[in-house]
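Undergrad: What follows is a structure written as structure tokens; I'll ask about it next.
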Amino acid sequence: GKVLVTGANGFIGAWTCKTLLERGFSVRGTVRNESKATHLRKTFASFGDKFEIAVVEDMLEEGAFDSAVQGVDAIVHGASPFDLAVDDPAELIDPAVKGTTTVLTSALKHAPTLRRFIVTSSTGAMNTPSAEMVTVSEADWNEGAIAEINEKGAEASPLGKYCLSKTLAERTAWDFYNKHKGEVGWDMVSLNPPYVFGPVLHEVDKPEKLNTSMVWWYGAVVGGSIDNESLANVGVAWVDVRDMAEAYTLALTTPEASGERFIISAGPFKLQDFVSIAHRLHPQLHAGNTEYNPAKAVHYTNYVTDKQRKLLPIKYRTIEELTGDTLENFQARGWF
Ligand code: NDP
């Protein structure tokens with residue numbers, strides 16, 4: 001089958017394309033302009049015409065995906081801004097929500113062969129992490145993010161704004177699907193990962209240009225830009241980008257996934273968990289907080305993954321594997 005991957009040049013998008021191609025799918029990846037396609041074409045050259053690019057200049061324009069969706073069996077929609085440095089929440093919400101509506105509208109009108117639509121949501125659509133003990137499952141929606149923005153507007157926390165954009169985008173997708181499901185030949189699945197970390201496959205020329213989750217990881221592990229107190233106390237839950245890519249292929253091929261949301265999480269972390277392993281593997285990297293005791297770390301958010309483990313069984317990579325492979329990737333780029 002052929003899968004349309006939106007935001008193919010992003011951190012998760014590039015790994016998604018690679019994993020789908022390796023599993024035998026054909027992939028059509030969308031990028032905003034031709035210059036963003038060059039690196040992808042080179043990376044996936046060995047897959048020949050199984051990989052193609054569709055340039056979608058402005059996904060907020062009605063009909064933007066009308067030709068890109070034609071002839072595809074599945075869509076993985078991931079294009080959405082993950083930026084913690086915006087003031088006006090609308091800068092995140094508009095592209096997240098309108099982008100979702102645009103691709104769904106094109107799918108409704110121009111994709112008669114479509115069988116499944118997968119939306120890349122986030123655990124941020126379920127809760128905004130804080131120092132409060134919570135257990136979070138697929139039944140949860142991030143009502144707190146809505147309340148926070150209503151109350152504080154542009155003064156809301158950066159993470160709160162981003163989480164709201166993901167909440168509204170995912171909700172938009174389900175509302176659209178529920179409204180039209182009687183008239184379409186496809187169903188919907190949402191994948192909700194927490195922080196996604198791992199080696200980099202997309203085009204990045206320097207660490208400062210990494211995507212938001214990896215620029216944070218790099219700062220903690222290699223850059224030494226995070227204080228010891230935070231290293232031991234800051235962290236939520238994580239998943240390796242390669243396992244996230246695997247989750248898409250499972251979600252595409254598992255009929256029982258139909259109509260479900262899935263938390264895709266390998267488990268909790270504190271930043272020091274990565275720093276300790278990195279220092280052991282590469283002693284030239286800083287040791288961070290040597291007082292840290294992982295057994296005593298308090299993890300506030302417990303993401304329930306029972307449904308994922310049952311229906312989309314992934315053998316999650318460990319923190320050791322992620323750290324080792326990511327540092328190898330960084331070293332090959334001369335980043336430390
Ligand atoms: P990246 O920033 O690496 O990728 C984002 C992708 O979305 C890029 O292809 C980008 O294109 C595209 N995009 C962003 N804004 C727009 C826009 N206005 N119009 C068109 N395309 C746009 O981030 P990630 O790979 O991390 O994120 C991918 C998805 O995963 C997002 O939906 C994000 O919310 C979600 N996610 C990420 C997590 C993480 O920890 N990384 C955790 C949970 C969810 P361009 O390069 O042209 O800007």
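What follows draws every value from the coordinates through simple rules; no lab data is involved. Just so it is clear, the structure is predicted and the values come from calculations on it, not from any experiment. Cβ placement follows ideal geometry from the backbone for every residue including glycine, while neighbour counts extend to all protein chains displayed.
Undergrad: Taking K50 as the anchor, which lysines have their alpha carbon closer than 25 Å to its alpha carbon, excluding any fewer than eight residues away along the same chain?
TA: K50 reaches K2, K18, K36, K42, K109.
Undergrad: Same structure, new question: Could you pull out which residues in segment 156-194 have an amide N less than 15 Å from a spot 7 Å beyond the Cα of A85, following the Cα-Cβ vector?
TA: Of the residues in segment 156-194, 158-159 have backbone N under 15 Å from the label point off A85.
Undergrad: Using the beta-carbon distance between S130 and K2 and R0 = 30 Å, what value does 1/(1 + (r/R0)^6) give for FRET efficiency, to the nearest 0.05?
TA: On the way: r = 41 Å, r/R0 = 1.38.
E between S130 and K2, to the nearest 0.05, is 0.15.
Undergrad: A further question follows. Treating cross-link reach as a plain straight distance, find the lysines whose alpha-carbon is under 27 Å from the alpha-carbon of K270, omitting any fewer than eight places away in the same chain.
TA: Hits, sequence-local ones excluded: K161, K166, K206, K209, K296, K307, K310, K315.
Undergrad: Let me ask you something else. Ranked highest first by average number of other Cβ atoms within 10 Å, how do 219-227, 41-49 line up?
TA: On the way: 219-227: 17.9, 41-49: 12.2.
The peptides rank, most packed first, as 219-227, 41-49.
Undergrad: How do the peptides 195-204, 173-182 rank, highest first, by the average count of neighbouring beta carbon atoms within 10 Å per residue?
TA: Details: 195-204: 21.3, 173-182: 14.6.
Per-residue mean Cβ counts within 10 Å order the peptides as 195-204, 173-182.
Undergrad: Starting from one equal scatterer on each C-alpha and no solvent at all, send me the Debye-based log10 I(q)/I(0) for segment 25-79 at q = 0.16, 0.19 Å⁻¹, two decimals.
TA: Those come out to -0.49, -0.69, one per q.
Undergrad: Related question: In debye, nearest 20: dipole of segment 167-235 around its Cα centre with unit charges on the Cβ of K, R (+) and D, E (-)?
TA: Computed charge dipole of segment 167-235: roughly 140 debye.
Undergrad: Across the Cα atoms of segment 128-261, what radius of gyration and what greatest pairwise Cα-Cα distance (Dmax) are found, in Å?
TA: Cα-based Rg and Dmax for segment 128-261 come out at 17.6, 55 Å.
Undergrad: Per DSSP H run of n ≥ 4, the term is -39500 (n - 2.57); total these for the chain, divide by its residue number, and report the mean residue ellipticity at 222 nm rounded to 500 deg cm²/dmol.
TA: -12000 deg cm²/dmol
Undergrad: For segment 67-161, just the Cα atoms, rotate onto the principal axes and tell me the three extents in Å, largest first.
TA: The Cα atoms of segment 67-161 stretch 46, 30, 18 Å along the principal axes, largest first.
Undergrad: Label E321 and E143 with points 7 Å out from Cα along Cα→Cβ: what is the distance between them in nm?
TA: Inter-label distance under the simple model: 3.8 nm.
Undergrad: In addition: Provide the three semi-axes, in whole Å and in decreasing order, of the ellipsoid equivalent to segment 194-336 as defined by the square roots of 5 times the Cα gyration tensor eigenvalues.
TA: 28, 19, 12
Undergrad: Follow-up question, since we're still on this one. Along the Cα-to-C-beta direction of N178, a point sits 7 Å from the Cα; which residues of segment 149-172 have their amide N less than 20 Å from that point?
TA: 164-172
Undergrad: Right, here's the next one. Does anything in segment 256-279 have its amide N under 15 Å from the 7 Å Cα→Cβ label point of R309, and if so which residues?
TA: 263-268
Undergrad: Follow-up. Charges at C-beta only: +1 for Lys and Arg, -1 for Asp and Glu. How large is the resulting dipole of segment 1-106 about its Cα centre, in Debye rounded to 20?
TA: Once rounded to the nearest 20, the dipole reads 720 debye.
Undergrad: If you fit an axis through the alpha-carbon atoms of helix 143-152 and take the longest principal axis of the Cα set of the chain, what angle between them do you get, 0 to 90°, nearest 10?
TA: 80
Undergrad: Can you tell which of V200, S190, F176 lies farthest toward the positive end of the dipole of segment 127-214, using +1 and -1 charges on the Cβ of basic and acidic side chains (Lys, Arg; Asp, Glu)?
TA: After comparing all options, I get V200.
Undergrad: Once the convex hull of the alpha carbons of the chain is built, what does its volume come to per residue, in cubic angstrom? Let's see the in-between values first.
TA: Working: hull volume 44.1 nm³, N = 336.
Convex hull volume per residue, Cα atoms: 131 Å³.
Undergrad: Suppose every K and R has +1 on its Cβ and every D and E has -1 on its Cβ; what is the size of the dipole of segment 136-288 about the Cα centre, in Debye to the nearest 20?
TA: In total the dipole reaches around 260 debye.
Undergrad: Going out from 0 in 10 Å bins, what whole percent of all Cα-Cα distances in segment 1-134 drops into each bin?
TA: 12, 42, 32, 11, 3
Undergrad: Please list the equivalent ellipsoid semi-axes of segment 254-333, computed as the square roots of five times the alpha-carbon gyration tensor eigenvalues, in descending order and whole angstrom.
TA: Working from the Cα gyration tensor, I get semi-axes of 31, 18, 8 Å.
Undergrad: Between W335 and E34, what FRET efficiency comes out of the Förster formula 1/(1 + (r/R0)^6) with R0 = 25 Å and r the beta carbon distance, rounded to 0.05? Write out the running numbers ahead of the final one.
TA: Values: r = 27 Å, r/R0 = 1.09.
Computed FRET efficiency for E34 and W335 comes out at 0.35.
Undergrad: Could you tell me what percent of the DSSP beta bridges with both partners in segment 182-336 are antiparallel, to the nearest 5?
TA: For segment 182-336, the DSSP antiparallel bridge percentage is about 25.
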